[in-house]
Amino acid sequence: MTSVEEAFDLVVIGGGSGGVRAARIAATHGARVAIVEKSRWGGTCVVRGCIPKKLFVYAAQAREALALAASFGHQIEHRGHDFAALRDAVAGEVTRLSGLYRGNLARAGVVLFEGEAACVDAHTVAVRTGAGERRLRGEKLLLAVGGVPRRLAVPGGELIDVSDDFFTLRERPAHAVVIGAGFIAAEFASVLIALGGRVTMVVRGGRGLPGFDDDVATRVFAGLAARGVDIRWHTEVAAVEKNAAGLRVTTKASAGTDGAGAGELTCTWICAAIGRDPNLDGLGLASLGVALGPQGHIVVDEWSQTSVPGVFAVGDCTGRVQLTPAAIREGHAFADSQFGGPRRPLRHGVVPSAVFSLPQAAGVGLTEAEARSQFGAACGIYQTEFRALQSALLPADAAFDRIFMKLVVQGEAEIVVGAHMVGDGAAEIIQMAGIAVTAGLTKADFDATLALHPTAAEEFVLLKKQ
Ligand code: FAD
């Protein structure tokens with residue numbers, strides 16, 4: 001039997017980055033808030049995204065640090081890597097963090113429901129739990145349902161895993177095929193090769209890391225290749241089948257290319273990292289009349305308002321900026337605006353982003369190509385490339401990454417509109433450069449900043465025009 005059990009000022013669907021922030025802030029403003037989560041509290045970022053991914057990246061960096069340590073005289077014998085121990089330790093940390101999210105919501109006075117939610121109308125949500133169905137009434141509804149990894153529709157496609165599966169692998173794949181060349185694909189390839197596997201990347205196009213500066217993307221993929229990742233550009237997976245050795249992958253050349261991509265390879269694990277789609281299945285949006293965009297995302301305005309009055313949406317399901325800090329900011333701005341905080345329309349501002357691959361890269365603001373198309377001749381480039389001091393003692397024949405930095409400036413005042421970097425610490429350094437780009441500082445402001453020596457970051461205040 002179903003009945004409307006409780007009425008709330010706000011019912012949030014989705015206990016991930018955006019939903020949790022919105023629920024907590026609305027409750028802090030005195031609203032009566034319910035939140036529904038069908039999987040685990042914390043959502044993609046905490047459970048199957050940023051956090052567990054970064055812990056695996058630290059494991060990869062630790063492996064590379066051993067070679068560096070030898071150059072400083074340490075005598076270290078690497079006897080192997082216990083992948084299962086790492087996976088279980090990461091899972092333990094995820095469980096701890098997920099519990100913190102749950103606890104913080106409850107402490108803020110939010111009422112938690114564990115089950116799958118579907119919209120009945122613009123004010124009613126049905127929640128399916130193990131114990132049956134419950135109905136919640138909300139003056140306002142917030143859809144914060146995130147995204148799901150896109151699957152590849154080819155014969156044998158059911159044998160192809162997605163990013164969620166990476167975190168529960170039984171063992172480190174002896175030979176992994178990673179389909180795609182976005183930030184998740186580059187990160188997974190880096191981790192698996194550093195931990196001792198073979199990795200082949202199958203990439204439909206001719207460049208990786210969409211959204212990143214061209215020079216950055218080129219250097220990241222050169223670094224992956226230097227580590228032994230076999231990158232097959234202009235190639236697509238056509239079919240997968242099981243064989244005695246593992247999985248047989250048939251590839252074909254991407255349309256319009258020279259045909260070199262056609263072939264076969266055998267691997268032990270294959271994963272598609274080819275994008276994410278909004279997680280809207282079974283949510284009942286069609287009957288509600290919520291408008292969707294061309295890629296299937298929920299269309300919202302600057303107040304995160306959907307086409308249906310009283311129904312709002314934040315985070316990945318809106319397809320604006322698919323990163324955790326953006327989902328959090330959207331959730332916070334929504335809760336402030338609707339429940340008594342300062343009313344403010346959403347502004348993402350300049351967006352810093354990183355790829356935690358080996359080598360690492362990050363950027364903020366406009367890429368060189370974006371600046372050139374916006375400002376033409378009124379844009380300028382300052383860049384440098386150098387060997388990091390920490391790799392100075394490596395043997396002469398050892399491979400190492402060079403550090404690359406670029407500032408993109410605009411106009412006579414040389415306002416810094418973009419900063420990009422490849423190399424150790426790129427994400428940490430670019431986070432700080434993001435303040436300068438957000439503030440609209442100029443190249444002269446960078447020049448006026450005294451260097452902090454010896455660091456890699458000091459090169460950002462010492463750049464000369466090429
Ligand atoms: P989510 O965090 O996905 O939360 C949505 C929640 O809604 C989920 O918990 C889901 O179970 C729940 N839900 C869905 N439907 C229902 C329903 N019908 N009923 C009840 N609950 C429902 N971003 C970064 O900023 N930095 C990174 O380094 C980074 N790395 C990433 C690595 C990977 C492998 C992946 C996949 C993503 C990464 N991201 C990263 C992206 C980041 O995780 C997302 O942008 C962020 O989690 C989006 O938050 P959200 O609140 O929109 O959705």
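Could you check Asp165 against (1) in a loop (DSSP other than H, G, I, E, B); (2) under 24 Å from the mean Cα position of the chain (by Cα) and say which number it fails?
It fails just one condition, (1).
Would it be correct to say that Asp401 is at pLDDT below 95 and open to solvent by 40 Å² or more (accessible area, probe 1.4 Å)? Quick ask: steps written out before the conclusion?
On the way: at pLDDT below 95: yes; open to solvent by 40 Å² or more (accessible area, probe 1.4 Å): yes.
Considered against the rule, which asks whether it is at pLDDT below 95 and open to solvent by 40 Å² or more (accessible area, probe 1.4 Å), Asp401 comes out as yes.
Can you tell me which residue among Thr200, Thr168 is hydroxyl-bearing (Ser, Thr, Tyr) and surrounded by 17 or more Cβ atoms within 10 Å (Cβ to Cβ)? Reasoning before the result, please.
Details: Thr168 fails: surrounded by 17 or more Cβ atoms within 10 Å (Cβ to Cβ).
One residue alone meets the criteria, Thr200.
To keep it simple, each residue is scored yes or no on (1) hydroxyl-bearing (Ser, Thr, Tyr); (2) exposed (fewer than 15 other Cβ atoms within 10 Å of the Cβ); (3) without any contact (Cβ under 8 Å) to a residue 40 or more places away in the chain.
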position: Ile430; (1), (2), (3): no, no, no
position: Gly434; (1), (2), (3): no, no, no
position: Ala439; (1), (2), (3): no, yes, yes
position: Phe446; (1), (2), (3): no, no, yes
position: Leu450; (1), (2), (3): no, yes, yes
position: Ala456; (1), (2), (3): no, no, no
position: Glu459; (1), (2), (3): no, no, no
position: Lys465; (1), (2), (3): no, yes, no
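Are any residues in segment 166-185 within 11 Å of the ligand (Cβ to nearest atom), within 21 Å of Gly208 (Cβ to Cβ) and touching a helix residue (DSSP H, G or I) at 6+ places or on another chain (Cβ under 8 Å), and if so, which ones?
Selection gives Phe166, Ile184.
Of all the residues that make up segment 28-40, how many are more than 6 Å from the ligand (Cβ to nearest atom) and either over 18 Å from Ala327 (Cα atoms) or open to solvent by less than 10 Å² (accessible area, probe 1.4 Å) (or both)?
The total comes to 8.
For segment 151-162, state whether one or more residues are in a loop (DSSP other than H, G, I, E, B) and in contact with a His (Cβ under 7 Å, 6 or more places away or on another chain). I'd like the intermediate steps shown before the answer.
Of segment 151-162, the ones in a loop (DSSP other than H, G, I, E, B) are 151-156, 160.
Then drop every residue that is not in contact with a His (Cβ under 7 Å, 6 or more places away or on another chain), which leaves none.
No, every residue in segment 151-162 fails to be in a loop (DSSP other than H, G, I, E, B) and in contact with a His (Cβ under 7 Å, 6 or more places away or on another chain).
Please find, within segment 153-165, the residue that is nearest to Ile51 (Cα to Cα) out of those that are more than 16 Å from the ligand (Cβ to nearest atom) and open to solvent by less than 70 Å² (accessible area, probe 1.4 Å). Talk me through it step by step, then tell me what you get.
Kept after step one, since they are more than 16 Å from the ligand (Cβ to nearest atom), are these residues of segment 153-165: 153-159.
Applying the additional criterion that residues be open to solvent by less than 70 Å² (accessible area, probe 1.4 Å) yields 154, 156-157, 159.
Values: Val154: 31, Gly156: 31, Gly157: 28, Leu159: 26 Å.
Applying the filter and picking the extreme gives Leu159.
Please pick out the residue among Ala181, Ala238 that is within 24 Å of the chain's Cα centre (by Cα) and either in contact (Cβ under 8 Å) with a residue 12 or more places away in the chain or open to solvent by less than 10 Å² (accessible area, probe 1.4 Å) (or both). Reasoning before the result, please.
Values: Ala238 fails: within 24 Å of the chain's Cα centre (by Cα).
None of the other options fit; the residue is Ala181.
The values are calculated or read from the model by the stated rules, or taken from the named source; none is laboratory data. None of the values given here were measured: they were computed from a predicted structure. Positions of Cβ are backbone-derived with ideal geometry, glycine not excepted, and every protein chain shown enters the neighbour counts. We work out accessible area using only protein heavy atoms, side chains counted, and drop any ligands, DNA or RNA first. Shrake-Rupley method; radii C 1.70, N 1.55, O 1.52, S 1.80 Å.
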